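Let me begin by presenting the structure, written as structure tokens, before commenting on it.
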Amino acid sequence: MRTPAITTPTRPNSANGGSTGSGPGSGVGGGPRSGSGPRSGRTPRRPAAAAAAATACAAVVALVAGCGTDTTAGVVPEGWGTLKTSAVTVAHPPAFTPQSAGERSTYNAAAATLTKDGKDVGMITVQLDFTNADSVDEAAIGAEAGIALGSTLGKQRKVEVAGPEGRTEARRIDFEFTEKGSRIKGVIVAGLDSAKKSYAVRVDAAKGRLGDGDLTKIIDSITLT
């Protein structure tokens, strides 16, 4: 599997360069890369309509949208592992194997893969400070810019993640794409961390390899440190 990288420009003092994977996450199996290089070298635009485009997460779809509840936000399910970075922590199912610093892309602060019959069929990644952003909406726009052309892109949705001072707003982006004949389902949760810098947690999995329940638990476990 090609490890992922968001393709939008980083802050001046952070790592810069082209994509090594499918946007802020990866096409499973190393197929077409999303944005196979920086997209025009510009910081993502800041359209005023971005906030209006992100719809509120209703209680009746809390689990589907990954909004979580007061009892699930930031919770690591029993038996699961965690991907820990300087700003964000996220849980992963036991079947996922964390990548070492030498194995993962230099653009990823943490990553874990799911393998079936010697083939990577799922991936969770965390990227930090990947684009200049002054708001959650701008961070989401930057993350969305890294999704492969030709993907089926869903509407951004408001979600909340756990933080040191309580629940913090973020954005969820759902999308799908085809890679090497397999249909891949992807989800990105993006926002600003406690230092007001951008972060993105991305989950990619071949259809049927990651249940909706586990996906919800992954999203609910996201915690800003």
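The values are calculated or read from the model by the stated rules, or taken from the named source; none is laboratory data. Note that the structure is predicted; figures quoted are calculated from it, not measured. Positions of Cβ are backbone-derived with ideal geometry, glycine not excepted, and every protein chain shown enters the neighbour counts. Note: areas computed on protein heavy atoms with side chains; ligands, DNA, RNA excluded. Shrake-Rupley method; radii C 1.70, N 1.55, O 1.52, S 1.80 Å.
Ellipsoid fit via the Cα gyration tensor, the range 134-225: semi-axes of 24, 16, 9 Å, each the root of five times an eigenvalue, largest first. Average accessible surface for the range 125-225: 37 Å² per residue, computed with a 1.4 Å probe over protein heavy atoms with every protein chain in place. Between residue 194 and residue 101, the FRET efficiency from the beta-carbon distance, with R0 = 30 Å, is close to 0.85. Among the protein heavy atoms of the range 86-140, carbon and sulfur supply 48% of the accessible surface, probe 1.4 Å, non-protein parts ignored.
Amide H contacts under 5 Å for residue 133: 198, restricted to partners 5 or more places along the chain or on a different chain, H placed in the peptide plane at 1.01 Å from N. Within the range 120-225, the trypsin sites (Lys or Arg not before Pro) that combine a DSSP coil assignment with at most 14 other C-beta atoms in a 10 angstrom radius are 155, 180, 196, 207. Of the solvent-accessible surface of the range 152-225, computed with a 1.4 Å probe and all protein chains present, 46% belongs to carbon and sulfur. Working note: Karplus 6.51/-1.76/1.60 with θ = phi - 60° gives the range 104-111 the couplings 8, 4, 5, 7, 9, 7, 6, 7 Hz, where Gly and Pro are set to x.
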